[in-house]
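Reviewing the structure listed below.
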Amino acid sequence: MLKKVFKLLIIIGIPFKVLAQTGDTTYAERLGFPKNARVLILHVDDAGMSLASNEGAEIALTRGVSTSVSVMMPCPWVPGFILFLKSHPEIDAGLHLTLTSEWHEYRWGSLSGKKTAPGLADESGYLWPEVADVVKHASADEVAMEMKAQLDKARSMGFEPTHLDTHMGTVYGTPGFLMKYISLGIQNHIPVMLPGGADVLIQSETHLPDATIFEMRALGKQLWTAGLPVLDDLHNESYDWIIPADIAADEKKLDEYKTAKYIDALKTLRPGLTMIIMHCTNAGPDFKYISDSGPTRKGDMLAMLNPAFKKALADQGIILTTWREVKRRRDQVK
């Protein structure tokens, strides 16, 4: 889902001075991982969105190989997931900063409220369904207000996030949004999801021009200088994998299909710190009333449980990590 938003950045352009790369050293190596190591965060989006989302994330994190998750604070199933986090303090959990509400019959509004941040609300008072709507109607200040409200809400519930990331990539919608996102992380000393390294995967997925990649690297350098860890790359392709109808309807075939896709994805990883985004969901028959993406999301969960995927991680020498660990490592770098 980030692909369309990164393409929007090509049109807008990020008005930052391009800074030179600092040699070939990856951020993973700067964090103390071995040279040429392929270090991976297996990240689950959308916790708190629904009961099935919570169940899928919990299963992938406790019984599977997923290492990180992020929570959509405006959504109705957040309290249940916060209780899960409190009973599993070792879980690496961040904020999936939510500025859109994309489903037709299942909606949520901003925490700021329509009167306080009218640009974030559609005519019914819910968050806009598309990133382009947020770009058209909302100001950067309104986005900043809502992101802070979501962080404040998390803290009021006893949940201190390990990182910040973005639902549907909305914070990448304009340079103003993006800088508010980065500023929130820097001001609170919370890592933010931003591919600021070689960016081989994200460039191949989105066909971003070199100039935009250089600008992303400049932002990565800004985050590193502020004392935060930085991703070398981002894999955001899994949501767009087209599942044939006969496979989607057969759980065994779905498991095999998605597992094979993720094993292939591992082969594309370059040296450095990469995050793979997935949407592990225990989608049952009722999930269709929220979204038609149930098979995609259920397949993600099944793949994270599949012994073949765990074996592939070991066979390929992939080092799994979390946002909590890379933040700790960054704090130790002089």
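A simple count of charges around residue 251, restricted to other residues whose Cβ falls under 14 Å of its Cβ and scoring Lys, Arg +1 and Asp, Glu -1, yields 0. Averaging the sequence gap over all C-alpha pairs within less than 8 Å and six or more residues apart, then dividing by the number of residues, gives the chain a relative contact order of 27 percent. Restricting to Cα atoms and excluding each atom paired with itself, what does the Kirkwood estimate give for the range 165-314 in Å? The Cα-based Kirkwood calculation yields 17.0 Å. The residue 331 and residue 123 beta-carbon pair, evaluated with R₀ = 35 Å, returns a calculated FRET efficiency of approximately 0.15. Treating r as the C-beta distance of residue 204 and residue 115 and R0 as 35 Å, the FRET efficiency rounds to 0.20. Between the range 121-189 and the range 264-334, the alpha-carbon centres lie 24 Å apart. Just to confirm a number: summing +1 for Lys and Arg and -1 for Asp and Glu over residues other than residue 303 whose beta-carbon lies under 13 angstrom from that of residue 303, what do you get? Value of the local net charge: +4. Candidate values (1) 5, 19, 22, 21, 18, 11, 4, 1, 0; (2) 5, 22, 29, 21, 12, 7, 3, 0; (3) 6, 27, 37, 25, 5, 0 were compared with P(r) over Cα pairs in 10 Å bins from 0, in percent computed on the shown model; the agreeing label is (3). Rounded to the nearest 20, the size of the Cβ-charge dipole of the chain about its Cα centre is 980 debye, with Lys and Arg at +1 and Asp and Glu at -1. Of all DSSP beta bridges confined to the chain, the antiparallel ones make up roughly 5%. Taking 0.36 nm per residue of separation and subtracting the Cα-Cα distance, full extension of the segment from residue 148 to residue 240 would add 30.1 nm. In the range 85-126, taking the dipole from charged Cβ atoms about the Cα centre, the farthest positive-side position among 88, 101, 118 is held by 118.
Per residue of the chain, the DSSP helices (runs of n ≥ 4 H) give a summed -39500 (n - 2.57) that works out to -13500 deg cm²/dmol at 222 nm. Could you calculate the FRET efficiency of residue 316 with residue 35 from 1/(1 + (r/R0)^6), where r is the beta carbon distance between them and R0 is 22 Å, rounded to 0.05? Step by step, r from the Cβ atoms, then E = 0.85.
All of the numbers you see were taken from the coordinates with simple rules; none came from a lab. Nothing here was measured: the structure is a model prediction, and the numbers come from that model. Neighbour counts are summed over all protein chains in view; Cβ atoms, including those assigned to glycine, are modelled from backbone coordinates with ideal geometry.
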